[in-house]
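Undergrad: Mind looking over this structure? Questions follow.
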Amino acid sequence: MPDVVAVFLFIGIVAYALLGGADFGAGFWDLLAGGARRGREPRRLVDASLAPVWEANHTWLIYCLVILWSGFPPAFAALTTTLYIPLMLAALGIVLRGAGFAFRKASLRTPQQRVYGAAFALSSVLTPYCFGAIAGALVSGRVPVQGDGDPVGSWINPTGVLGGVLAVLVCAYLAATYLTVEAHRRDGGRLYPYFRVRSIAAGLATGVVSLAGIFVLRADAPRLFHNLGHRALPLVVLATAGGLLGLALLLGRRVRGLRVVAAGSVALIVCGWGVSQYPYVLGTHLTLTEAAAPDATLRVLVAVACLAAVVIVPSVVLLFRLAGRGSIGEPPPGDTP
């Protein structure tokens, strides 16, 4: 039962990485779009793409938190008493990001739009960085079972920094790739070259940092380094192949299947982390079985998760289909209402 619940938890983590991660990445490109005049068109496409779905994507974060604290309460307690600083920063970033995104759209004056836009964009970088640093703290074994670990050194360390930077870059790659396809389909192709170049740059940067991260993990997280090269090696190879295929599609100016390839590559990376971490939920000192709630609780949790999937998944699929057709939300640049 602990393994079954862990699978349900990881499904939520992968979903949040692919959907919420793309939202954060859109804020990253919003930050780098330039001044009000130069960045107007890219920001309009970002707004049009995010507006119908950005709140729904955080459903997966709530799902993951509920599964974690209900299914593995000792691990949740250890995480929240050691990593409370990055957790609070991530929560603050989510709130400021939502407020900035909503108020920027409602503001009529450029100075106000700049303030709210800065809150949205900076929070879109802060939040994934904190989540990546939390993952780095977990895999490097810096979260003690009893909790109350080092509140600073647990996540500000080589593996934590690597995790944070990779999280930001992966989100940027996902968002740029999604927006490349969206621009090709919805704005007459005017912004297609703009986001295509950024997708290629983000993909290359992610690859370079990943290669450099091998040496960081070898020195600072040896168990993860070993498992990535052995147990999780097939997933690593497939993720690398997917990343190269995505770059080939971008260089060849092909958009068919591009989003699927990019999402699949990121999903394989996240799954590789999970396979390398198994059977531990905290570093190398707390297994899933040791951290699991009683079987009766786990059975109820699995039943609730299955019921939630029946309700949530069709709703999310319908939402994205309607958003993809332009049936909801504001029209993007170049479209007429």
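Derivation of every value follows stated rules applied to the coordinates shown; laboratory data play no part. Remember, it's a predicted structure, so these values are computed and weren't measured experimentally. Counting neighbours? That spans all protein chains shown, and the Cβs are built from the backbone with ideal geometry, glycine included.
Undergrad: In a GNM of the chain with a 10 Å cut-off on Cα contacts, which of Leu286, Leu32, Leu92 has the highest mean-square fluctuation?
TA: The residue that fluctuates most here is Leu32.
Undergrad: Moving on to the next point. Along Cα→Cβ, 7 Å out, is where each label goes; now give me the distance between the ones at Gln112 and Phe320 in nm to one decimal.
TA: Computed distance between label sites Gln112 and Phe320 equals 3.5 nm.
Undergrad: Output the 0 to 90 degree angle, nearest 10, between the alpha-carbon long axis of helix 233-251 and the longest principal axis computed from the alpha carbons of the chain.
TA: Tilt relative to the chain: about 10 degrees.
Undergrad: Using the basic label-point model (7 angstrom from Cα toward the beta carbon), what is the Ala201 to Ala296 distance in nanometres?
TA: Label-label distance for Ala201 and Ala296, simple model: 5.8 nm.
Undergrad: Using label points projected 7 Å from each Cα along Cα→Cβ, tell me how many nm separate Gln146 and Arg185, to one decimal.
TA: Result for the modelled spin labels: 5.4 nm.
Undergrad: For the range 179-184, what does the Karplus curve 6.51 cos²θ - 1.76 cosθ + 1.60, with θ = phi - 60°, yield as ³J(HN,Hα) per residue in whole Hz, taken in order and with x for Gly and Pro?
TA: Working through the residues one at a time gives 6, 4, 5, 5, 5, 4 Hz.
Undergrad: Another question, if that's okay. Taking the Cα atoms of the chain, report the difference between the largest and smallest coordinate on each principal axis, in whole Å and largest first.
TA: 57, 38, 36
Undergrad: Further, regarding this structure: Tilt of helix 258-277 relative to the longest C-alpha principal axis of the chain, in degrees (0 to 90, nearest 10)?
TA: 20 degrees
Undergrad: Rounded to the nearest 500, what is the 222 nm mean residue ellipticity of the chain from helices alone, with -39500 (n - 2.57) per DSSP H run of 4+ residues and division by all residues?
TA: Working: 14 runs with 260 residues, N = 337.
Dividing the helical sum by the residues of the chain leaves -26500 deg cm²/dmol.
Undergrad: Cα centroids of the range 256-278 and the range 221-242: how far apart, whole angstrom?
TA: 12 Å
Undergrad: Continuing with the same structure: Which ³J(HN,Hα) values in Hz, rounded to whole numbers, follow from the phi angles of the range 12-19 under the Karplus curve 6.51 cos²θ - 1.76 cosθ + 1.60, where θ = phi - 60° and Gly and Pro get x?
TA: x, 5, 5, 4, 5, 4, 7, 9
Undergrad: Let me ask something else about it. Exactly which trypsin sites (Lys or Arg not before Pro) in the range 244-301 are in a DSSP loop and have at most 15 other Cβ atoms within 10 Å?
TA: Values: sites: Arg253, Arg254, Arg256, Arg259, Arg299; in loops: Arg253, Arg254, Arg256.
The qualifying sites are Arg253, Arg254, Arg256.
Undergrad: Using only Cα atoms and rounding to the nearest 10 degrees, what angle (0 to 90) does helix 84-106 make with the longest principal axis of the chain?
TA: 20 degrees
Undergrad: On to the next question. Counting only C-alpha contacts under 8 Å and six or more residues apart, can you give the relative contact order of the chain as a whole percent?
TA: Numbers: 495 pairs, mean separation 85.4, N = 337.
Relative contact order comes out at 25 percent.
Undergrad: While we're here: Fewest Cβ neighbours within 10 Å first, please rank His58, His285 accordingly. Each step should come with its number before you reach the end.
TA: Working: His58 16, His285 13.
Ordered from fewest to most neighbouring Cβ atoms within 10 Å, His58, His285 come out as His285, His58.
Undergrad: Something else: When the chain is modelled as a GNM with alpha-carbon springs shorter than 10 Å, which of Pro86, Pro234, Pro158 fluctuates the most?
TA: Highest fluctuation among the options: Pro234.
Undergrad: Over the range 1-120, what is the mean sequence separation of C-alpha contacts under 8 Å (at least six apart), divided by residue count, expressed as relative contact order in percent?
TA: Working: 71 pairs, mean separation 31.8, N = 120.
Relative CO of the range 1-120 lands at 26 percent.
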